[in-house]
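First up is the structure itself, then whatever we jot down about it.
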Amino acid sequence: MEKKYITNEDLKKHNKSGDLWIAIQGKVYNVSDWIKTHPGGDTVILNLVGQDVTDAFIAFHPGTAWHHLEKLFTGYHIRDFEVSEVSRDYRRMAADFRKLGLFENKGHVTLYTLAFIAAMFAGVLYGVLGCTSLLAHQFAAALLGLLWIQSAYIGHDSGHYVIMTNKSYNKFAQLLSGNCLTGISIAWWKWTHNAHHIACNSLDYDPDLQHIPVFAVSTKFFNSITSRFYDRKLTFDPVARFLISYQHWTYYPVMCFGRINLFIQTFLLLFSKREFPDRALNFAGILVFWTWFPLLVSCLPNWPERFLFVFTSFTVTALQHIQFTLNHFAADVYVGPPTGSDWFEKQAAGTIDISCQSYMDWFFGGLQFQLEHHLFPRLPRCHLRKVSPVVQELCKKHNLPYRSISWWEANVWTIRTLRKAAYQARDVANPVVKNLVWEALNTHG
């Protein structure tokens with residue numbers, strides 16, 4: 001049969017509800033109905049609809065997913081189909097990793113981490129129930145914070161690829177590590193995290209940068225932009241202006257209580273009208289957490305110790321919240337929807353790696369290799385260090401940023417970014433003529 005063609009301009013017109021088309025390797029697919037049951041949610045498709053999404057499709061899907069495309073094929077091909085040199089090299093790299101079996105060889109990281117989590121949970125129970133000293137209770141609280149960090153990594157890994165022997169066990173691992181142990185819904189995580197990966201560091205499409213009124217990584221937030229993820233205006237009002245003016249001072253204290261925000265976000269999703277898979281199971285898992293955690297805290301002898309226990313556990317977990325922001329807050333940002341034609345470029349621009357010795361990989365959960373993870377989210381974390389030199393070479397070849405800095409440097413970069421926006425927020429609030437003292441304090445240090 002003679003091939004039928006449309007242009008990229010024609011493809012862009014199919015971007016409305018009930019008429020959603022995408023292109024993968026020059027072939028056009030109708031995902032209007034498929035979007036309702038897409039395992040990754042509807043947001044990721046809606047953000048890229050009406051354009052070529054080949055690189056994103058390769059990043060997020062196993063080889064078996066290609067077989068499902070044929071039933072969605074419209075019969076059209078893209079006439080002006082072109083592939084950039086960066087995309088060509090990226091696809092070649094992904095194919096090479098697949099041939100080496102890196103996506104399927106998951107190592108023993110999951111087994112070791114689950115065993116570590118079980119041992120830590122036993123230690124927490126013994127510290128609270130079997131000891132009477134304040135020091136032992138504080139050690140148990142710190143251990144619980146470390147448990148939450150490691151459990152979140154299991155939830156993260158299982159959300160990107162199958163870490164267990166089959167999908168049923170994988171879902172169990174998600175609910176156990178997320179809902180039951182940390183009190184954070186895996187459904188909420190998938191919804192926001194997939195959108196973050198697709199629209200990495202887009203101010204209006206990436207939910208991981210939308211922290212008004214507490215934080216603003218860019219002065220573009222001062223224009224009260226609209227969040228396309230939450231579908232609401234991020235209002236830069238006097239309260240936001242005041243809080244952001246001091247965000248470089250409040251950054252670490254806020255991180256210590258960042259977990260409370262995750263609890264709130266979980267309940268907002270669970271009680272919303274938004275449809276998502278396994279609502280009942282997510283509810284049940286959250287109920288498990290809010291049963292054992294308050295009971296455990298109530299076993300402490302008095303309220304001051306209970307408060308201190310919760311505060312210490314939250315503060316230790318803040319290390320992970322800080323890590324997540326270090327990977328993105330000081331990176332490049334942009335306004336607007338993501339585009340499928342510059343997948344590699346956007347991921348490179350919007351991420352920062354944290355350099356560390358290999359013996360610290362367990363602590364960072366592989367996410368210190370942030371660019372590598374964003375380019376290959378299905379790649380097991382045990383391989384991220386191995387592929388890092390290859391990614392660096394590709395970035396160098398195409399003159400793209402590859403930023404790998406120490407934990408200390410990443411903190412300095414992040415505080416510098418927050419401070420810059422804070423001073424500009426103050427300037428908006430007080431547009432008076434600046435004297436030399438103001439210049440010295442706010443411009444030069």
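The values are calculated or read from the model by the stated rules, or taken from the named source; none is laboratory data. Note that the structure is a prediction, hence the values are computed from the model and not measured. Cβ: placed from backbone, ideal geometry, glycine included. Neighbour counts: every protein chain shown. These area figures cover heavy atoms from the full protein model, side chains too; ligands, DNA and RNA do not enter into them. Shrake-Rupley method; radii C 1.70, N 1.55, O 1.52, S 1.80 Å.
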>> For segment 155-213, give me the residue count where each residue is among the polar types (S, T, N, Q), open to solvent by less than 20 Å² (accessible area, probe 1.4 Å) and not in a helix (DSSP H, G or I).
In response: 4
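In segment 96-121, how many are in contact with a Cys (Cβ under 6 Å, 6 or more places away or on another chain) and assigned to a loop (DSSP other than H, G, I, E, B)?
Let us first name the residues in segment 96-121 that are in contact with a Cys (Cβ under 6 Å, 6 or more places away or on another chain), namely 107, 109.
Filter once more, so that each one left must be assigned to a loop (DSSP other than H, G, I, E, B): 107.
The total comes to 1.
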> From the list 317, 325, 414, 351, which residue is under 20 Å from residue 47 (Cα atoms) and either touching an Asp or Glu at 6+ places or on another chain (Cβ under 8 Å) or crowded, with 18+ Cβ neighbours inside 10 Å (or both)?
Replying inline: 351
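Hey, which of the helices (runs of 4 or more DSSP H) in segment 341-429, taking only ones fully inside, have at least 3 residues that are free of Cβ contacts under 8 Å to residues at least 40 places away in the same chain? First the steps, then the outcome.
Numbers: elements: 343-349, 361-364, 370-375, 384-397, 407-429.
The qualifying helices (runs of 4 or more DSSP H) are 370-375, 384-397, 407-429.
Can residue 248 be described as assigned to a helix (DSSP H, G or I), open to solvent by 10 Å² or more (accessible area, probe 1.4 Å) and closer than 17 Å to residue 41 by Cβ? Write out each step before concluding.
Values: assigned to a helix (DSSP H, G or I): yes; open to solvent by 10 Å² or more (accessible area, probe 1.4 Å): yes; closer than 17 Å to residue 41 by Cβ: no.
Answer is no for this residue.
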> Pairs, please: C-beta under 7 Å, at least 6 apart or cross-chain, first residue open to solvent by 40 Å² or more (accessible area, probe 1.4 Å) and in segment 124-142, second not in a helix (DSSP H, G or I)?
Replying inline: 129/299
> If residue 301 passes every condition in (1) within 12 Å of residue 183 (Cα to Cα); (2) not in a helix (DSSP H, G or I); (3) not hydrophobic (A, V, I, L, M, F, W, C) but one, which one does it miss?
Replying inline: (1)
>> For segment 82-95, which positions are outside any helix (DSSP H, G or I) and either open to solvent by 40 Å² or more (accessible area, probe 1.4 Å) or among the hydroxyl-bearing types (Ser, Thr, Tyr) (or both)?
In response: 82, 84
>> I'd like to check something: does segment 36-47 contain any residue that is more than 22 Å from residue 373 (Cα to Cα), among the hydrophobic types (A, V, I, L, M, F, W, C) and within 27 Å of the chain's Cα centre (by Cα)?
In response: yes
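With at pLDDT 95 or above and under 25 Å from residue 276 (Cβ atoms) as the only criterion, which of 182, 192 stands out?
Details: 192 fails: at pLDDT 95 or above.
Among 182, 192, only 182 is at pLDDT 95 or above and under 25 Å from residue 276 (Cβ atoms).
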>> Looking at segment 14-66 only, could you name the residues that are more than 27 Å from residue 203 (Cα to Cα), touching a helix residue (DSSP H, G or I) at 6+ places or on another chain (Cβ under 8 Å) and open to solvent by less than 30 Å² (accessible area, probe 1.4 Å)?
In response: 28, 29, 65
> Quick one: is residue 79 closer than 30 Å to residue 398 by Cβ and surrounded by 12 or more Cβ atoms within 10 Å (Cβ to Cβ)?
Replying inline: yes
